[in-house]
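Worksheet for the structure shown next.
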Amino acid sequence: MDRNTLFAFGLIAVVLILTPWYMKVVAPDPKVVSLDSLSTPIADDLQNNKNTTRPFGPVLGVVNQKNLGLTAKTVITVENNLYSVEISNISGGSFVSFVLNNYVKHDSSFVNVIDALNVQNLVVSFVSLDGDLVSLDHAWNVLGSGTRRPVLQKQQTVVFETSFNGYSIKKRLTFFPDTYIIGLEIIFENPEQYISRGTYSLSWSGGLAPTEKNTKDDYTYFKGYALLGDELLGDAAEEGEGSKTKQAGTTLWTATKTKYFISAIIPSVPGVGAVVSGVLDGGRPLFTTQLNQNTSASGSFNIYIGPLEYNRVRSLGLGLEKTMNLGWAPIRPLGRLITWSLTKMFQIIPNYGFVIIIFAFVVKILLNPLTKKSFQSTRRMQDLQPKIQALKEKHKNDPKKLNSAQAALFKSEGVNPLGGCLPMLLQMPILIAFFTIFRSTIEFRGAPFFGWITDLSVPDTLTTIAGFPINILPFLMGATMFLQQKLMASPSGGAQQKMMMYFMNVFFLFIFYSFPSGLNLYYSVFNVLSIVQQKYLTPSPKK
């Protein structure tokens, strides 16, 4: 293999190595504006009462309990085809379990996005006319009977009620068949009699529960967001007291997310501001969002709890897809095109492993004209090696003359020294897009191929030895890469070329070893097709 080809391989490797870091620096995470950098305060009376708030969690320190209608704890179960949810009357309808029926964990249990650290969700709070901070996180009354409400053919509504200073406060949760959207309505009776400035808050504390086997990797995707106008606002979780950011303005939604799932609170009338806070608890980022709304506005909300599927969340028309990690901005359109292509092919061939193999064939066919020219250019460069070596000997003490002589030689022979790099450079965006797709797109989460390859979004670990995972596909990728390099190597190549070839194989094996098995499968198949094309289908260049 000539040095230009090796350089292209190295460039691909470097980009793949630096992609996670680079995406964090320039664009992989959605554009987030630190709320601390913004100047307008939100609901000053809510924020000034610092002695009754915590940096994390719902607003506590409920005032005089005699003002609140208290009752015993009750749990109601609601089920549709997509999820099974347990709703507590604590906080007037907080979710204490939310099981997604179409998604399983590594232990084969269904994904539950609620655990002990995020049961304080959908909590209503406000500042009373006396200046006290009131959080309605006690047990509300449940209106109606029955603790099990199936939602298979028609919608079901669960109503909770409490009181403050003798005035009724209700929350109505409406569940629909075959959708992750849940309707929420908050109804205040004469709010001007007890709520200061006519502003209340609806908060979600603790984010969502981790769902992946590699929890450390899952945690890197945990975020809390609020969309104010066109700005996606958020902050990073911090140790100790945590971070807390706030801003007033037209608020379209607040949300917390993990790698593959999201919970979002979406008001039917935009809110008047938001607070996003986060703290690290034993390494787990816990995010709390607080959406502020006027009591004079409609108290209707939509709650979305479910998968971060691009088409599904984009169809809501609310910009929730901005929370997704879609990679480096120039690669995102290609990533979406590849995702769309793979999912459409999956509808015909319900196995993503075979879909990837067919996709590799398609890409190889599309790149065939360029690849053929690349191989011919590489062979021409190999044929010119004796002349190039002669020029190096002749002008070994004059680099300028050597460069001029080589350029003249390439021109006279009609050879582009960089021609062999072009197909590899064209492959690079595809590899980066595949890396992002299989690492963070839920469509490929848990997608099996065959045998030991049970999840194309993670490495294909066959077994572990002394705690070290034994992954097979990276070795297959390395072997096919080695064979391809052997075919492209110049017969007159010296020890330096061989050493570089071996180094690149080991280097790529090391880099790809922890990559998703879907990426390794694609690259292995593409290498095999390149070997076949190079050995049997590409004619030698005309001399």
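List of remarks:
- Mean Cβ neighbour count within 10 Å, used as a protection proxy, ranking 146-152, 190-196, 451-457, 252-258 highest first: 252-258, 451-457, 190-196, 146-152
- Cα gyration tensor, region 150-278 - rounded (a/c under 1.5), prolate or oblate: oblate
- Charge context of residue 155, other residues only, Cβ under 15 angstrom, K/R +1, D/E -1: 0
- Over 20 Å between alpha carbons, listed pairs 213/244; 223/244; 257/322; 216/259; 373/411: 213/244
- For region 331-360 versus region 428-467, the spacing of their alpha-carbon centroids is 14 Å.
- Modelled FRET efficiency - R0 25 Å, residue 383 with residue 532, Cβ distances, 0.05 increments: 0.65
- Net +/- balance of residues flanking residue 301 in space, Cβ distance below 14 Å, scoring K and R +1, D and E -1: +2
Readers should treat all values here as calculations from the given coordinates under stated rules, not as data from a laboratory. Predicted model only: the values in this text are computed from it and were never measured. Note: ideal-geometry Cβ built from the backbone for every residue, glycine included; neighbour counts use all protein chains shown.
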